């Protein structure tokens, strides 16, 4: 399967060449915003790249010093942003007209060349050479894993300017083999359901928990510190706030990288080739206690799992979140009082069969079951799909297979089947 990776590389750029890059970025952003303005005219927005190319190319070439390939890249950036806005409208979300201000510039192999230690980049004044500032080669880094790996091909890059430095985010791709062991069940698919939450940032259908208390503690402490600094209102306080923000983001990202790595390892260990999450759209509305920070953390975790899973041949999917917290994963009975939120976020007790697992674990199983049913419908009854539980697997044909060791941690075996007539799981 094809895997794509992006490697950020700091650049060493001469002062004169830096001026050329700044001017090129300025004209690139002007070109992208010009295309957006053109696409945004009228009631219907133009999203076709070919149409935008025909209608804006000559104007942009006349008004800028950008070479042809950079003009096309600016057109593509604008078209992608307009397409994204239109897609959000179709989902019922709000989206305004895109406008580009961040100092970035998109390169492909027609307007840049990439070597092991430098890149040559097109500018409004011809090509310049930028040396890479690379980490110590004695330790494993993304540079050694992807940039210097002959299996990975460089496809392009995006230039960024931040904190007074230029960075090249180099895109690579490779064909890799899946790390999921072949168990002899060709065509079978096994899914790992994942529930996201505030107290437990992630819980899987295999019963693995990742507690979010440390993340929540950091967020509260950083918020207090930021609030205290803002009261001073001085320039020094403002600079400290920026420094605190960078420290905060770095700590969050490290935590989420660790969780995502362990989630993918959980999938590999249990022979899962699909990881299923609930759809993250509108997640703050579904979680009354969730803050903007939590929604950001969930999205970032999903992104990290996505590219780590892709590298080992595991796909990552999203399913509808409807009723996953209210439905009993054992008997299928669905009722809002199964999850009385006033009694605590981790409480679940089925009013019909009295099944009472941890609420997040119950939801994780339901997410896996939803993917199971959707996969069965989309395949028209083709290859079977299993949901990996903490004591075995469940497939769409109603066949439960216990774990070889009889259940983890000495727990009694739990068996589930899927009633295909009404799509609910029932206990055996």
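Tabulated data for the structure shown
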{"item": "Positions within segment 275-328 being outside any strand (DSSP E or B) and over 29 Å from residue 217 (Cβ atoms), in sequence order", "result": "310, 311, 312, 313, 314, 320, 322, 323, 326, 328"}
{"item": "Residue in segment 28-43 that is in contact with a helix residue (DSSP H, G or I) (Cβ under 9 Å, 6 or more places away or on another chain) and part of a loop (DSSP other than H, G, I, E, B) present", "result": "yes"}
{"item": "Positions within segment 72-97 being within 21 Å of the chain's Cα centre (by Cα), touching a residue at least 24 places away in the same chain (Cβ under 8 Å) and surrounded by 13 or more Cβ atoms within 10 Å (Cβ to Cβ), in sequence order", "result": "77, 81, 82, 83, 85, 86"}
{"item": "In segment 8-21, residue surrounded by the fewest Cβ atoms within 10 Å (Cβ to Cβ) [restricted to those that are in contact (Cβ under 8 Å) with a residue 24 or more places away in the chain and assigned to a helix (DSSP H, G or I)]", "result": "18"}
{"item": "Strands (runs of 3 or more DSSP E) (entirely within segment 73-125) containing at least 2 residues that are in contact with a strand residue (DSSP E or B) (Cβ under 6 Å, 6 or more places away or on another chain) and at positive phi", "result": "none"}
{"item": "Residue match in segment 124-142 (condition: modelled with pLDDT under 85 and within 30 Å of residue 51 (Cβ to Cβ))", "result": "no"}
{"item": "Residue, modelled with the highest pLDDT, within segment 312-359, restricted to residues that are out of contact with any helix residue (DSSP H, G or I) (no Cβ under 8 Å at 6 or more places or on another chain) and crowded, with 21+ Cβ neighbours inside 10 Å", "result": "359"}
{"item": "From the options 267, 276, 322, 295, residue that is closer than 17 Å to residue 367 by Cα and free of Cβ contacts under 8 Å to residues at least 24 places away in the same chain", "result": "322"}
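Conditions tested, residue by residue: (1) surrounded by fewer than 17 Cβ atoms within 10 Å (Cβ to Cβ); (2) within 30 Å of the chain's Cα centre (by Cα); (3) at pLDDT below 95.
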site	(1), (2), (3)
1	yes, yes, yes
6	yes, yes, yes
23	yes, no, no
27	no, no, no
34	no, yes, no
43	yes, no, yes
46	no, yes, yes
56	no, no, no
60	no, no, no
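The values are calculated or read from the model by the stated rules, or taken from the named source; none is laboratory data. Note that the structure is a prediction, hence the values are computed from the model and not measured. Backbone-built Cβ (ideal geometry, glycine too); neighbour counts: all protein chains shown.
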